[in-house]
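One structure is given here, and the rest of the page talks about it.
Taken together, the values in this text are just the output of simple stated rules run on the coordinates, not laboratory data. Predicted model, so just to flag it, every value in this text is computed and none were measured. Here the Cβ positions follow ideal geometry from the backbone for every residue, glycine too, while neighbour counts run over all protein chains shown.
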Amino acid sequence: MLFDTHAHLNAIQYNEDLEEVIQRAKSENVSHIVVVGFDKETITKAMELTNQYEMIYAAVGWHPVDAIDMTDKDLQWIRELSSHPKVVAIGEMGLDYYWDKSPKDVQKEVFRKQIQLAKEVKLPIIIHNRDATEDVVKILQEEKASEVGGIMHCFTGSLEVAKQCMEMNFYISFGGPVTFKNAKKPKEVVKEIPMDRLLIETDCPYLTPHPLRGKRNEPSYVKYVAEQISELRGVSYEEIATKTSDNAMKLFGITR
């Protein structure tokens, strides 16, 4: 079985054929999908999907790009949703210095508030990091995020950073980029991550893995990530599928 730990089936790209996308995932032995909500609209849709599909779970949080839009009322709403039995994480949250919609100080404040909330409700966190590694690690350390741990989502950083994050109780998750021919760093790092800290994801509809780059991504394609990792590590596909699923179940507190 495969576990897609980060998907955006709540995106408009699936408005026309979501049912077919879900069926294709099932046919490729994807047993669980975490749909990530990161603003009002996508959180609402993620919650709807958890009620519609047994295999779908939700993560609820506020994206750093939109940090400037988050109100105290939104944070309280996330707190309330966190008690839902199929909400398994808070996020995605973090820092994004590539886009400049939200000032850095606002992003940092919203990031800290969400870590504090996750510790209150005792749920792991899902971290979005773009061009902000030093500040992300620093805030995770300062806020003692190790108390809940979580996922470094779609990791493309160095082995050194991965080790710092694993020391704080985080899993390292790889998506489509690990399959890209020019992605030297993720390929090197994925070989070194301990098996009990490894996760896989699609981040669909984005970051479609090779050999389907250019197409819309979907959960069934998580198999290409697992195949690439099994090849890089020199172990069977089945071992990667089983271990990454077991890791995800453990982190999210899901029983088979």
In the structure shown, of 40/101; 73/101; 163/223; 122/191; 122/185, the pairs separated by more than 23 angstrom at the C-alpha atoms are 163/223; 122/191; 122/185
Quick check: pseudo-label points 7 Å beyond the Cα along Cα→Cβ at residue 196 and residue 144, how many nm apart are they? 2.4 nm
Only counting other Cβ atoms within 10 Å, I'd like 152, 70 sorted with the fewest neighbours first. 70, 152
Exposure proxy check: 245, 146, 82 ranked by fewest other beta carbons within 10 Å? 146, 82, 245
Sorting 62, 99 on the 10 Å Cβ count, fewest up front, what's the list? 99, 62
